[in-house]
Amino acid sequence: MAKQVKLSARPRVEAGRNAVKQVRARGSVPAVIYGAKDEPANLEVSLKDIKQLLAHAVGENILVDLEIEENGKTTNRLSLIQEIQHHPVKGEVIHVDFHAVSATEEIEAEVVLEPVGESIGVKTFGGLLQQNLRALAISCLPQNLPELITVDVSDLNVGGSLHIRDIKLPAGVTATGDPELTVFLVSEPTVADESAASAEAPTAPEVIKEKKADAAEGGDKK
C-alpha cells in the first residue's frame, strides 16, 4: 500500500512574484491544495521536507497527510501529490499541487506495473519479454492505494501472455481497464537463417576471357 506521509504546511497569504521570492527565501516552496469539497487554498511547504519525501518515494502516487498550521491550530487534510514543478535549469522543486481526497471515497489512479522473476521462455528458450502496459488504471480507497503493482512473469513460456484479468491485485483494489488487454507476453527468439541469407547474397558473375585470334591464322586470305 502507498505509504501515508505527514507533511507540515502553512497558509500562504502573499501573492505575486515578489511574494513567491519571499517564500523561497524562507526555504519553502509555494503550493496549492484543491479538490474534495473545500475551496482551493494557497500553501507553503518546506523545500527540505519535500525533497526528502520525494527521495523516499517508491511509486508515482504519494499519499500525504497535510498538517496545516494556522493561528496555533492544526488542520489535517488527506491528499495526493498531483503535480510537482521543477526549475527548467536547476531542477529544484518550485511548486507543488496537492489534490485533496476523502478517506471514505474511492479514488482513481494509475499505478506502475513491475515484472518480477525470470520468464521460463526467456531463460530456457531465449524468448523476449515484452511489456505492453507500463501502468494500470485502478480504483480504491486512498488507504489501499498501492505504491506499485508487481507481476510474477516466471511461468511465462514462449508464446505465453498475461492480461489485466490475470494480475493479482491487493485487497480493496479494482482494475478499471479492459480485462482482456495484454500486459506481458514472451515472443519467439529471432534466429538468423544463415542458409536464406546465403541464398540471397549476390553471386559474382563468371568472367570468360576470349582468346585473341592468332595473327598467323587470322591473316588475309587471297
Handout entry: Label-point separation, residue 132 to residue 38 (7 Å along Cα→Cβ), nm
Key = 4.3
Practice task
Quantify how much of the Cα-Cα distance distribution of segment 66-193 extends past 17 Å, in percent.
Solution key: 68
Problem - Paramagnetic reach from residue 166 in segment 107-127 [backbone N under 12 Å; point 7 Å along Cα→Cβ] - result: 119-121
Problem - Cα pair distances in segment 42-84, grouped into 5 Å bins until the bin that holds the longest one, percent each - result: 5, 17, 29, 27, 14, 6, 2
Practice task
Would you mind computing Rg(Cα) / (2.2 N^0.38 Å) for segment 2-74, counting N as its residues?
Solution key: 1.15
Exercise for the section: Can you pull a Stokes-Einstein diffusion coefficient for segment 127-188 at 37 °C (0.692 mPa s), Rh from Kirkwood over Cα pairs, as a whole number of µm²/s? Expected result: 264
Problem - Residue pairs, from the table 37/73; 37/90; 6/37; 90/168, whose Cα atoms sit over 29 Å apart - result: 37/90; 90/168
Handout entry: Mean projected area in nm² (Cα convex hull; one quarter of hull surface) for segment 1-128
Key = 11.3
Practice task
List the residues whose amide H sits under 5 Å from the amide H of residue 181, counting only those 5 or more places along or on another chain, with H placed 1.01 Å from N in the peptide plane.
Solution key: 164, 165
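Any read-out appearing in this document is the output of simple, stated calculations on the displayed coordinates, not a laboratory observation. If you're wondering where the values come from, they're calculated on a predicted model, not measured in any experiment. Every residue, glycine among them, receives a Cβ derived from its backbone with ideal geometry; neighbour counts consider all protein chains shown.
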